1. Which FRET efficiency value, to the nearest 0.05, do you get for residue B:100 and residue A:79 by plugging their Cβ-Cβ distance into 1/(1 + (r/R0)^6) with R0 = 35 Å?
2. Averaged over A:97-104, how many beta carbons belonging to a partner chain fall within 10 Å of each residue's beta carbon?
3. Quick check on packing: order B:21-30, B:89-98, A:54-63, A:82-91 by the mean number of other C-beta atoms within 10 Å, highest mean leading.
4. What FRET efficiency comes out for the pair residue A:26/residue B:12, r = Cβ-Cβ distance, R0 = 41 Å, nearest 0.05?
5. Sticking with the crude label model, points 7 Å out along Cα→Cβ, report the distance from residue B:71 to residue A:56 in nm, one decimal please.
6. Can you give the mean number of other chain Cβ atoms that lie within 10 Å of the Cβ atoms in peptide A:84-91?
7. Measure out, as a whole number of angstrom, how far apart the alpha-carbon centroids of segment B:64-113 and segment A:1-26 sit.
8. Points 7 angstrom from Cα along the Cβ direction at residue A:70 and residue A:41: gap in nanometres?
């Protein structure tokens, strides 16, 4: 049973493009959501938390829709350094363990 | 900026051997976790640890696995008798009491031959 689903991509976009990633989750008990990025063979790095009110951090905007159980990430003015796998992640349970999606691969082309 | 550290970065072991993976969480964090990622697959939760005891564990975390916080800084994962399918990246993570964000260490690549 997949609890967090993402489009695996790959997304290949030119530098400066705007790209959007979507994610759905099935566990309505999930308490918090995050976007992490993972470079090849490296650890997941926290990109941002996701709130129902929407939140922005520079070129990145994240949105959570609890009614639709849907999470999004928008990257504006993409840079070569944005190339990575973006992981949609939910937190649930008393121990707040994370459930990861399979990731969406992004390549920003010069 | 404080970070989670892990040692070794790469461990090669023979099937049936015991391995201990070590982690030093961020110093003021109180929740500790182990995750694993088999090559090409997604990151999977193994176990969480809080207040000196396991608070949650997944189906993967069977009797071959154990965790320990032997002192005030280290957090270890022991695999008693490794199998070929234990080959994976093992990530340690920690989280403060006040937030749900988890911060990951660089991982230990375990290769079982």
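Please treat every number below as a calculation from the coordinates, not as lab data. The structure presented is a predicted model; accordingly, all values stated were derived computationally and were not measured. Positions of Cβ are generated from backbone atoms using ideal geometry, with glycine treated the same way; all protein chains shown enter the neighbour counts.
1. Details: r = 28 Å, r/R0 = 0.80.
Approximately 0.80, to the nearest 0.05.
2. On the way: counts 13, 12, 4, 7, 2, 4, 3, 0.
Mean shielding by partner chains, rounded to a whole number: 6.
3. On the way: B:21-30: 17.5, B:89-98: 20.2, A:54-63: 14.7, A:82-91: 22.9.
Top to bottom by mean Cβ count within 10 Å: A:82-91, B:89-98, B:21-30, A:54-63.
4. 0.60
5. Taking the simple label geometry, residue B:71 and residue A:56 are separated by 4.8 nm.
6. Numbers: counts 0, 1, 0, 2, 0, 4, 0, 4.
Counting other chains' Cβ atoms within 10 Å and averaging over A:84-91 gives 1.
7. 28 Å
8. 3.8 nm
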